[in-house]
Each structure stands twice: as C-alpha cells, then as structure tokens.
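Engineer: Here's a structure for you.
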Amino acid sequence: MNSDQPPGPVEARLDRLRGRALPVNHNARTISALAANPGCPRRALMDAAGVDKQKIAAHIGYPAPFGQSRFAIGRGNAFEARVKENGAAQLLALLREHLDLDVTEVGYTDFNDVAGNPSRELRHVRTRQALTGQDFAPRTLFDHPLLRLRVGGRHAYLEPDLIALRLDGSFHVIEIKSFPVIDGQADAGKVAAAAIQSAVYVRALRDLIAEAGGDPGRVSHETILIAPRDFASQPVAVSVDVRKQLGVLDRQLVRMTKIADLLEPCPATLTFDLDPDRDGTPRRPREELAAALALVPASYAPECLTTCELCFACRAEAAGSTGALGKSVREDLGGIEYTAQALALARGQLPSAEQAEIAVLLLRAAQLREQLLGEVFP
Amino acid sequence: MAETIEALERRIDELRVAVREAVLSGDPALAKTRRAELKRAEQAWEDALAVATVSAVPAPAETVSGQAVPEASPVAGPGEPGSLLPLREQVYEALSLLQVPAAPKLIATVHEAFFGSTFPTTRVTSLKRDEERSFRTAPFARPYYICAALSADYLSPSRGLLAVSTWPMERRVIGSLSPRVDFLTAAIRVADAIERIPTPPVTARRLLQRFAASIPGASGGARDQVKPDVVRQAADAELSVHADADSRMRREAADRARRQLANAEQLFGAKLQPVSDEAGPNAG
C-alpha cells in the first residue's frame, strides 16, 4: 500500500477540498464506517480529505445527532475498567480458557502513556518496539497499544482495547464492548460493528508486523469479543472471525489510495471550506455549500443512517429514488431508478423495451393490491 | 478509641501545616477546603473525646489480632459507614493489609471489607498529589507517605497504583509480570486476614470470592463457599511459577531506581520530558 501513495497534486486538491479546517482524524469507528458503504464516492472523497462532515451537515441544515451518548461511553469505560482491574485478572481467566494460555503467560503492559506522556507518536513507537520484540520483557497482554493505519495517504492512529500475544507467536485482537450477550446471543448489528472494528485493528497490526519484516499471518483473523454475560457484569468471551470484514476493508483502503480517479470528474475549484470567522462560525452561504456538495455523487442507502454524519442530507437528496428504500428494493426494481417511474408503470404506463419485464410484474402487483384491499391504485 | 483520638490529633497537626502551606503559596481555594477539613477534624476530635469520657465500658473485644501488619484498629461497628480516620490513614491501613501496590478501587474495597468503612475513590487522586507536595516541601517529615508504584521500564509512576513509602523499592516497582504476582499476593493476604477473623463480614468473603474466580483451582467447586486455605494454596501454586522471573526483574529495576533517581522521584516517579518525538528512553 505504501508504493501507490497519492502524489502531490492529489494531496493539494484534497487540501483544497477541506479548505482551512484542520483535518479530521480517522479512528476505528470512521474506518469501519467506510467499509459499511464502500460504493459512496462522496464519503470516500470527504474522508480522504479529512473534511469535518458533521459541521458541513449542520451548516446545510441537516444536522445528524451523531457520536456515542455520554452514558454509553461511561458504561463502556466502567465495564472495561472492571475487566482490566488488578492486572486484568478477569480477562486473563477468560483468555486462559479461550486461547489456551499457559500459566506462565501473564505479562501485562500498559500502553496508555509512555512514562506519563500521552503523546501518540511516542506511544506508537513504544508499541512498535514491544510488539516487534525489540525488548525482551515477557509480554502477553498489551493494554491499549497505539497502532497506525495509512488511510487515504494519511496515518490514522488506532487504539485497540487489548492485544494478546501467545507463546507460539500469534497475536489476537481483543475488543471489549458493553452490550450484553444474553443466552449466547447479542445484537447482530452491534456484533457486526465490533467485528469490522476489530478487522481494522487486525489490518493495522498486520501492517506493523510486516513493516518490521515479520510474518503478517501471525496476526490471527480470529478476534475475541469480551462483553457482559446476560444481565450481570460478569464478562464472557466470544470468538469472532473477521476474514470477510478484512476483505471489505482492504478493498475500501485500496479504493482510497485511488482517490485520484474519484477526484477527476470534480471541478478543480471544488471546496467544502466553511469560511469560518474568528470564532469559528461558518460564513459561507448555505446554498453555495449545498451546491458544492451536490457536485460529488453520493450513493445513499438506509444503512448510512447509522454510520455517516451526512446521512440526512443524502437522504433528502435521494428522496424519490428507489435506492433510498434500500438495497433489496433497488434490486427488486432492477433498472428503474425512481419510485415515481415504478408507480407509473404499475398504473399501466407503456414501458420502454428494457423495462417490459419489470412492468409486467408491477402491473400484476398493483392488481393484487386492488383485489386485496378493494381500493383502486392511486 | 484511643488510637482514633491520637490519629485525629496527628491529623489536626498535619492539617494545620497544610493550611499554612496553602495560605503561603497563595492558593485561597485550597486553603479554604483545608480549613474546612481542619474544622471537621477538630469537631471529630471533640466528639471522640466526649464518647471516650462517657463510655466507661471498655472497647469491644479485639477481633483482629494482627502481629506483623499494623491493622490494630478494631473493625468499626456495622452502623458506622464513614471512618473517623483521615483518608491517608485508611489507605495506609488497607495497603498494609495487602502489602502490595494496589489501585484505589481495590484499596477502598479492602478497607470496607476489613475496617468497616469505605471512601470514594475519586478522593484518592488528590491524596497522592497532596502527599507529593508535602514531601517536596518537607522531605521525610512524616513517618510514611502514600506514594506511587514505579513502572520498571521508565521508572515513571505506574498508572493508578498506590504504595507506601516505607516499603522496599523492590516491592514498589512494577515489571510486566508484577501485576499478576501482586494480584496473587493480595489474594493470599486477604485469605490470611479472613482466617484471623472468627466471623468474617460478607464484604470480606465476597472480596475473597472475586479473587478466587480469577485464580485457577481456587474456587474449589462451590462458588459461594470459597475457603481461604484453598485460595491460598492455589495462589501459592501459581505464584511459584512467576516468582523468580518477577523478582529478578524487580530487583534490577529497583537497583536502577536507587542509582538514578533523587529522593522525591524514588517515591513519586520520574516524568518523561517531552523533548523529542524520536523515541522514548531506552528500556534498559
């Protein structure tokens, strides 16, 4: 991935897109969100440029209530602290069972700061030293190591909850989440989000090991999810295979390095600059910004609502298109782009040659509806 | 009760010094809170004195008979949620029972289990700061300080762990195996302490249970009937696996700390100066 970094002009254009604002840093959440809708050029471009999408959305009148709630964060932190207290005793007991850790494998190292200094560069250097075995302390559990992943030409720092290193040299990414696993079942959406987040860490860790000349295959695709069992705060460990997520993620990361292709159709003067005054209040006319946004095509899907700050703006824009109703609707109505068009066909409008097949189906559906409900299709 | 009054007298003296320091350093907010603490301590002293003169009956029979560990103060009555002792003495009591560096949460739990009172862990953060300030203005003026445990690689304060300044340096440095070793040691101390009490309180048994859950073979089948000697044996067995490697690492780090660090840094840890972002100092 390092060989095809964006050349200078692309960087310059991305900087222009972002305008005067500081680039927004990627984190595991935003990177996994990328993989959630890989086909969206708007998101890919704005993320590559590090545009603050939340501010843009708010300024054009579609603020999205985004980010985790304070209570969720508090609960998550409390559970993590509990699992990790006293030298990660609870966690160790679980991992001994789950990863077959030997009784000698108890080394625990804290990477939350380096000698009281929380600088990210320093923490990353220390993480690299420890993970690639440049110091020889017996280490098994790495608490909050700081990894790095190249996203769209820039480094994003990533902080997994924990990495476990087994005696045989294999690494396991461990993610601690506070949603409950009830009777062996957890919220599928939340598990999926945790899986893709773990995949991001696996990717970053593999890059780190490979850069140091090691075998990236040592990083297992079997990640471990730690979550509260049932309604208590006792933790339980579950294996999560992230091979599929890694595939999606890799594709998306490669795509981000080919950002030049996405930039090409956009006018060279395009920018999302908010023209902030001294207090940071945006002064750019709202319509102008919305027009700039419209120049970059988006591919809205209902899933965007949980992952992207621009979701409401894109949804309003996509209103009337079949894609806005979800992937399955779009596929069922293959070839028809707008709902109005589908309704017209159902009412008996003469179809074009390539729509003949779907038109028959729609007519039939409208008839069935009439028979069932006893009312005429509007 | 006599100990409590004496402890309060010591506490009042210390607070007077603390008020003076705060006033002289021009920190009115700090001075105000310390004055309030002083007033509370003086009131507590008056109350304790009144209780001592009224009750001619001797104090309840001593239940805890610690020899090596200074845990002489009797278990407070169940109807008495807060302790009259100042926070630093409560922390000291709990740490003296555990004999290993511990996090505020464990310290509070141990104090609740064996000394009948607990305290909010948030207060402990300022305690360590106060201790350091006090040491820096008048080194070694107190018999002991609540200080930091040092991480073995950088000799910096280990995040969230507290220790007692009179402990040997070997016990206060934390290598990569030390969290586990200290956890097992703490489990043994808690088991010992429970055996010394004829009817251990529920909180103490629950604490032992929590330790046992994370030590292989310590639960002995029945979850709610954890036996102190089973826990001790299991912890001892695992401890023997790690002990040599851990003490070697700790001895080496302790030597380094004694060689390289000034007195205050030996107690409260060296801080890494943000000079360059090239690399951290050598891990030794």
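Engineer: Please give, to one decimal in nm, the separation of the simple spin-label points placed at residue B:159 and residue A:254, each 7 Å out from Cα toward the Cβ.
Structural biologist: 3.7
Engineer: Can you give the FRET efficiency to the nearest 0.05 for residue A:170 and residue A:231, using r as the Cβ-Cβ distance and R₀ = 35 Å?
Structural biologist: Values: r = 34 Å, r/R0 = 0.96.
After rounding to 0.05, the efficiency reads 0.55.
Engineer: Treating the angle as unsigned and between 0 and 90°, give the value, to the nearest 10°, between the Cα long axis of helix A:356-373 and the longest Cα principal axis of chain A.
Structural biologist: It is inclined by approximately 90 degrees.
Engineer: Multiplying the sequence separation of residue B:229 and residue B:36 by 0.36 nm and subtracting their Cα-Cα distance, what value in nm do you get? Mind dumping the intermediate values first?
Structural biologist: Working: separation 193, 0.36 × 193 = 69.48 nm, distance 4.58 nm.
Residue separation times 0.36 nm, minus the Cα-Cα distance, leaves 64.9 nm.
Engineer: For the protein assembly as shown, rounded, prolate or oblate, judged on the Cα gyration tensor with a ≥ b ≥ c (square roots of eigenvalues), a/c < 1.5 rounded, else prolate if a/b > b/c?
Structural biologist: Working: a/c = 2.09, a/b = 1.99, b/c = 1.05.
The shape class here is prolate.
Engineer: On alpha-carbon atoms, Rg over Rh for chain A using Kirkwood Rh?
Structural biologist: Numbers: Rg = 24.5 Å, Rh = 23.5 Å.
Rounded to two decimals, Rg over Rh is 1.04.
Engineer: Something else about it: Of B:105/B:128; A:84/B:105; A:84/A:244, which sit over 19 Å apart, Cα to Cα? Spell out each step's value before the answer.
Structural biologist: Numbers: B:105/B:128 14 Å; A:84/B:105 12 Å; A:84/A:244 29 Å.
Pairs exceeding the cut-off: A:84/A:244.
Engineer: Which one of A:57, A:90, A:112 is farthest out on the positive end of the charge dipole of chain A, using unit charges on Cβ (Lys, Arg +1; Asp, Glu -1) and the Cα centre as origin?
Structural biologist: Working it through, the farthest residue towards the positive pole turns out to be A:57.
Engineer: Same structure, new question: Report, largest value first, the span of the C-alpha coordinates of segment A:35-189 along each principal axis, in whole Å.
Structural biologist: Principal extents (Cα only, largest first): 58, 42, 32 Å.
Engineer: With charges set only on the Cβ (+1 for Lys and Arg, -1 for Asp and Glu), what does the dipole of the protein assembly as shown come to about its Cα centre, in debye to the nearest 20? Before the final figure, lay out the partial values.
Structural biologist: Working: 80 positive and 83 negative charges, 185 e Å.
In debye, rounded to 20, the protein assembly as shown gives about 880.
Engineer: Report the local net charge at residue A:210: Lys and Arg +1, Asp and Glu -1, summed over other residues whose C-beta lies under 11 Å from its C-beta. Could the numbers behind the result be given before it?
Structural biologist: Values: positive: A:203, A:206, A:218; negative: A:207, A:211, A:215.
Neighbourhood net charge equals 0.
Engineer: Follow-up. Taking the alpha-carbon distance from residue A:53 and a cut-off under 22 Å, which lysines remain once sequence neighbours fewer than 8 residues away in the same chain are dropped?
Structural biologist: Excluding near neighbours in sequence, the set is A:258.
Engineer: So what's the net charge close to residue B:160: Lys and Arg +1, Asp and Glu -1, counting the other residues with Cβ under 15 Å from its Cβ? Display every interim value, and only then the final one.
Structural biologist: Numbers: positive: A:82, A:84, B:105, B:123, B:128, B:129, B:159, B:172; negative: A:80, A:85, A:110, A:113, A:143, B:182.
With Lys, Arg at +1 and Asp, Glu at -1, the neighbours total +2.
Engineer: Now, a different point. Find out how many positive minus negative residues lie around residue A:98, taking Lys and Arg as positive, Asp and Glu as negative, among other residues whose Cβ is under 13 Å from that of residue A:98.
Structural biologist: Numbers: positive: A:96, A:166; negative: A:97, A:100, A:105, A:222.
Local charge sum for residue A:98: -2.
Engineer: Say R0 is 51 Å: what FRET efficiency, to the nearest 0.05, do residue B:20 and residue A:102 get from their beta-carbon distance? Write down the numbers at each step before the final one.
Structural biologist: On the way: r = 56 Å, r/R0 = 1.10.
After rounding, the FRET efficiency stands at 0.35.
Engineer: Still on this structure: Given labels modelled 7 Å from the Cα in the Cβ direction, how far is it in nm from residue B:123 to residue A:218?
Structural biologist: 4.8
Engineer: Less than 15 Å apart at the alpha-carbon level, and either on another chain or at least 8 residues along: which aspartates and glutamates does that give for residue B:39?
Structural biologist: B:9, B:13, B:14, B:47
Readers should treat all values here as calculations from the given coordinates under stated rules, not as data from a laboratory. As the structure is a computational prediction, the values presented were derived from the model and not from experiment. FYI the Cβ positions are ideal-geometry reconstructions off the backbone, even for glycines, and counts take in every protein chain you see.
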